[in-house]
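The values are calculated or read from the model by the stated rules, or taken from the named source; none is laboratory data. Computed from a predicted structure; not experimentally measured. Methodologically, a virtual Cβ is constructed for each residue, glycine included, from the backbone with ideal geometry; neighbour enumeration extends over all protein chains shown. Quick note on the areas: whole protein, heavy atoms, side chains included, nothing else; ligands and nucleic acids left out. Shrake-Rupley method; radii C 1.70, N 1.55, O 1.52, S 1.80 Å.
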Amino acid sequence: MSRFFSEKYAALTPYVPGEQPRDMQYLKLNTNESPYPPIPAVVEAAREEAARANLYSDPTALALRQAVGARYGVSPDEVIAVNGSDEALNFAFMAFCDDRRPAVFPDITYGFYPVFARLNGVPYEEIPLRDDFTVDPEDYAARPGKTVFLANPNAPTGIFLPLAAVERIAASDPARVVVVDEAYVDFGGESALSLVPRYQNLLVVRTFSKSRSLAGARLGFAVGQAALIADLETIRNSTNPYNVNRMTLAMGKASLENDAVNMQNCETVAAVLDQTAEALRSLGFTVTDSSANFLFARHPAIGGEALYRKLKARGILVRHFSLPRIRDYNRITVGTAEQMKTFTAAVREILEDPS
Ligand code: PMP
């Protein structure tokens, strides 16, 4: 740290993204990326826009917001475009939390929430998930006035909270915002988008990173009633009005125009997830009931970190978290059927020779 660093950030521990090693070619099952590249029309859209990169991108992202609106039956003024859904989450912490409106989220969830809270000087409470890693909606109903952040399906467990429970939380206190982070909802579960017309306090955050094969393009969006979106626009226009570059805006639009391909890929991933979960269970793993594009699994005979290391030595990356409650587990991104065969074969070998 330099002597110039602001005191208000001195104690900040940044979020640590999944490792992206360059030393060798790994089978990457650690950052929940799609195994499928974007379709040629999406790549071509970026190429065409690159020729106009001397010009700023549209600061209103209108064409993309219209495409999202058409896809989901909402008006463009109910949509904000963001540089990855992480940006929408940060904007929500900035816009809807402060000393009088602390944040609340589960103890086991997306690790960026506490980082955003601390970055923005927002007090927060972490509520333990039940022993089976499910959310008890009453925990949140019992904390009126606190801005709620819920990943649904949750990460890294993949467990989906039924929509009735999301609605219970949104209805429990109309005076606080409930942010539902649906990064993985296209792989299973049910979106809370249908609740937006009835709840002024509901913000649904989505991403193109996972289900639309665009993690590297950095594109997300959030949907809520127009007043809520206008608040986020105030934050966006006060930080970075050109937050989404023109190549990415064009890719996002082309991606939505070909969304059937994306949704088909999600179905394939979901089917491979089921097969892989079954294979892991037959090897003795406990596997959570995941509605996402990853599995969360532990084995009684080998620790989470040990398995992570042995897989890495074999060229396979999964994600291990050292939080005490989940350190026996690994989070395994679901790739193609072929990749998951390679993965389960490696796991079987490791279990056969635990030395
Ligand atoms: N929410 C959750 C639950 C995630 O796992 C991720 C991916 N790390 C994100 C949001 C952010 O995704 P992106 O910024 O790529 O849209």
> Using only helices, what value at 222 nm comes out for the chain when you add -39,500 (n - 2.57) per DSSP H run of length 4 or more and divide by the total residues, to the nearest 500 deg cm²/dmol?
Replying inline: -11500 deg cm²/dmol
> Where the only charges are on Cβ atoms (+1 Lys, Arg; -1 Asp, Glu), what is the dipole of the chain about its Cα centre, to the nearest 20 debye?
Replying inline: 760 debye
> Do you know the relative contact order of the chain, to the nearest whole percent, from alpha carbon pairs under 8 angstrom that are 6+ apart?
Replying inline: 22 percent
>> Suppose all protein chains stay in the model; what accessible area per residue would a 1.4 Å probe give for the chain, in Å²?
In response: 45 Å²
> Gaussian network model of the chain, Cα springs within a sub-10 Å range: biggest mean-square fluctuation belongs to which of Gly121, Gly158, Gly84?
Replying inline: Gly121
> Which of Gly84, Ala175, Ala151 sits farthest toward the positive end of the charge dipole of the range 40-257, with +1 on the Cβ of Lys and Arg and -1 on the Cβ of Asp and Glu?
Replying inline: Gly84
>> What FRET efficiency comes out for Arg168 versus Ile39 if R0 is 45 angstrom and r is the Cβ-Cβ distance? Round to the nearest 0.05.
In response: 0.70
> Which values of log₁₀ I(q)/I(0), to two decimal places, follow from the Debye formula for the chain at q = 0.06, 0.09, 0.10, 0.12 Å⁻¹ with a uniform point scatterer at every Cα?
Replying inline: -0.22, -0.51, -0.63, -0.92
> Looking only at Gln20, Gln200, Gln275, which one moves most when the chain is put into a Gaussian network model with springs between Cα atoms under 10 Å?
Replying inline: Gln20
>> Compute a Gaussian network model of the chain, connecting alpha carbons closer than 10 Å, and tell me which residue from Ala61, Ala301, Ala222 fluctuates the most.
In response: Ala301
> Which FRET efficiency, nearest 0.05, do Gln25 and Arg101 yield, Cβ-Cβ r, R0 30 Å?
Replying inline: 0.05
> By how many nm would the segment from Tyr242 to Tyr15 grow when fully extended, if each residue of separation counts as 0.36 nm and the alpha-carbon distance is taken off?
Replying inline: 79.3 nm
>> Which order do the peptides 23-30, 125-132, 180-187 come out in when sorted by mean C-beta neighbours inside 10 angstrom, highest first?
In response: 180-187, 23-30, 125-132
> Within the set Lys210/Lys312; Lys310/Lys341; Lys28/Lys210; Lys146/Lys210, which residue pairs have Cα atoms separated by over 19 Å?
Replying inline: Lys210/Lys312; Lys146/Lys210
> Based on the Cβ-Cβ distance from Ala306 to Phe4, what FRET efficiency comes out when R0 is 41 Å, to the nearest 0.05?
Replying inline: 0.45
> Which residues does a label at Glu257 reach in the range 37-60, if reach means a backbone N under 13 Å from a point 7 Å past the Cα toward the Cβ?
Replying inline: 40-49
> Which net charge results when you count Lys and Arg as +1 and Asp and Glu as -1 among the other residues whose beta-carbon is under 15 Å from that of Asp99?
Replying inline: +4
> With θ set to phi - 60° and the Karplus curve 6.51 cos²θ - 1.76 cosθ + 1.60, what are the ³J(HN,Hα) couplings of the range 173-179 in order, to the nearest whole Hz, using x for Gly and Pro?
Replying inline: 7, x, 8, 10, 7, 10, 9
> Ignoring ligands, DNA and RNA, what percent of the 1.4 Å accessible area of the chain is carbon and sulfur?
Replying inline: 52 percent
> Once the piece of chain linking Arg327 and Ala313 is laid out straight, how much longer is it, given 0.36 nm per residue of separation minus the C-alpha distance between them?
Replying inline: 3.1 nm
> Which helices, counted as full DSSP H runs in the chain, have an axial Cα extent of no less than 27 Å and a Kyte-Doolittle average of -0.5 or above?
Replying inline: 259-282
> Is the shape of the range 115-157 best called rounded, prolate or oblate, per the rule: a/c under 1.5 gives rounded, else a/b larger than b/c gives prolate, else oblate, with a ≥ b ≥ c the square roots of the Cα gyration tensor eigenvalues?
Replying inline: oblate
